[in-house]
Amino acid sequence: MNAITIVGTGYVGLGYAAGFTKKGLKVFCIDLDETIVETINKGKSPIDEPGMDDAIRSAVDKDLLTASTDIMEGWADTKSIFICVGTYCDEEGNIDLSQVRSAAHSIGKALREDREYRAVCVKSTVIPGTTDGVVAPILEQESGKKVGADFGLCMSPEFLREGNALEDILNPDKIVVGGVDQKSINTIEKNYRDFEITRGHPIIETDLRTAELIKYAQNSFLAMKVSFINEMANLAEEFGVNVGDVAKALGVDKRISSMYLRAGPGFGGSCFPKDVLALLSAAKKVDYNAQMLKATLNVNDRQKRHGLELVESISSLEGKTVALLGLAFKPNTGDTRESVSITVINDLLRKETKKISVYDPSEFAREEIYELIGDKITYATSAKQCLAKADIALILTGWQEFKELEPSFFVEHMAENPILVDTRRIYDETEFQKAGVTIKVLGQSNRKDFVPS
Ligand code: UDX
């Protein structure tokens, strides 16, 4: 049997487990966390991701998915072992390879008694040089075998977006497989054969270090695009322009593309901030001053404070009841890592507000923020409850539920003379003004005071 072992069951590991099993492949998920293992074996998803519950349930029902804390589970049948563990990074951008190392140690031990050829593939995001410089030596030392000769080694980055994980996995724009040799690449590639690469791009075969850098280059580029449009948004506000019109014009140019040109309150999530910082820090280690990466992060740090700047350009926060709609770093996920909501809540806590009330449609997101911030703020379970008698409301995540709210809803539930700041640009300013809401949409204004001298 051509089974697959996946070590680590976060968004990436579980996403690929769901993707591979949807294509009929048998997957063994390995995680140290017993609760996660039990949850998966019960046919439930331990993460809040659209389609994941159904995919996991159906895979378990068909006996295509088994989770275990023991790497040896299913080992005899497995041909490919994917390392999908977290690579957290500290404030200086040094990535923590402890989970990658520990996965490599257990895989290496499992390879020791092996007669079969198997290929190990790093999918976790790692700095160029990690797979050949850190993972390979551990595998060789633990197994007493040689990379290339006795077992294969690849690095195949993922490009999935949270909230879209399954779709991105099954219909990727590209698949990158870096390997120590062609045999390793062929072994790993086979697993992807049923994925639909809709735009017809071939699988990109490369060496390990190139595959590692492709991942960082991709995320840094997209993050840079977001910071770029956010900078344009801030300028648009000063020049009396709507950044949406600018983005639309830029986006129709094939050389630019319209994606990742939505101005907003700054990017968050588990990848963009961490990956740009990690590459910046790796650049420093090779004595290179990576100015584009630095600017991408600096613009983002400033942007995360722009929502409150917009509020304060209309009203003081002192003594006010403030409602925050949106805690997750983007819609359709419960993930709040590096979310702008955390910066905004912490900044608000330093102001003399009367009350801070928050709401996110995802219960996961509410729980994560509760664990981080605790009882210093109020957690609402609906938009209505969150907005009740609030003087000021801020939209921080562009959930569909918020897009559907009418101006009258804000007028009805908020205090008199409501103020609304829309950092996700989901509302029509004119409609809200007509309804009596003082609204500021990030990235646009009617100011005409600037005239070049
Ligand atoms: C990202 C990459 O897209 C993915 O390829 C990689 O594997 C992991 O990191 P993800 O973090 O899930 O995925 O989210 P994404 O949808 O890319 O958004 C990242 C952040 O940028 C969010 O905070 C989002 O709100 C923000 N963003 C994105 C914008 O502000 N404007 C945009 O136009 C696009």
Mind checking which pairs have a first residue in region 349-377 that is in contact (Cβ under 8 Å) with a residue 12 or more places away in the chain and a second that is surrounded by fewer than 12 Cβ atoms within 10 Å (Cβ to Cβ) and in a helix (DSSP H, G or I), Cβ under 7 Å, 6 or more apart or different chains? 349/376
Cβ pairs under 7 Å, 6+ apart or interchain, first in region 22-36 and over 10 Å from residue 74 (Cβ atoms), second buried (at least 18 other Cβ atoms within 10 Å of the Cβ) and of a type in the set (Val, Ile, Thr), ordered by first then second residue, are 25/4; 31/9; 31/37; 36/9
Let me spell it out: the conditions are (1) in contact (Cβ under 8 Å) with a residue 40 or more places away in the chain; (2) on the phi < 0 side of the Ramachandran plot; (3) under 22 Å from the mean Cα position of the chain (by Cα); (4) surrounded by 18 or more Cβ atoms within 10 Å (Cβ to Cβ), and residue 46 meets all of them except one. Which number is the exception? (1)
Can residue 208 be described as crowded, with 17+ Cβ neighbours inside 10 Å, at pLDDT below 95 and within 26 Å of residue 274 (Cβ to Cβ)? no
Counting only residues that are more than 14 Å from residue 125 (Cβ to Cβ) and touching a residue at least 40 places away in the same chain (Cβ under 8 Å), which one in region 214-227 is nearest to the ligand (Cβ to nearest atom)? 226
Before we move on, is residue 195 more than 15 Å from the ligand (Cβ to nearest atom) and in contact with a helix residue (DSSP H, G or I) (Cβ under 7 Å, 6 or more places away or on another chain)? yes
State whether one or more residues within region 431-449 are acidic (Asp, Glu) and either surrounded by 14 or more Cβ atoms within 10 Å (Cβ to Cβ) or within 30 Å of residue 50 (Cα to Cα) (or both). no
Turns out the helices (runs of 4 or more DSSP H) fully within region 74-176 with at least 3 residues that are at pLDDT 95 or above are 98-112, 136-143
Taking helices (runs of 4 or more DSSP H) that fall entirely within region 317-390, which contain at least 3 residues that are touching a Lys or Arg at 6+ places or on another chain (Cβ under 8 Å)? 340-349
With 240, 264 as the choices, which residue is surrounded by fewer than 19 Cβ atoms within 10 Å (Cβ to Cβ), of a type outside the set (S, T, N, Q), modelled with pLDDT of 95 or more and closer than 30 Å to residue 452 by Cβ? 240
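The values are calculated or read from the model by the stated rules, or taken from the named source; none is laboratory data. As the structure is a prediction and not an experimental result, all values here were calculated from the model. Please note: Cβ atoms are built from the backbone with ideal geometry, for glycine as well, and neighbour counts cover all protein chains shown.
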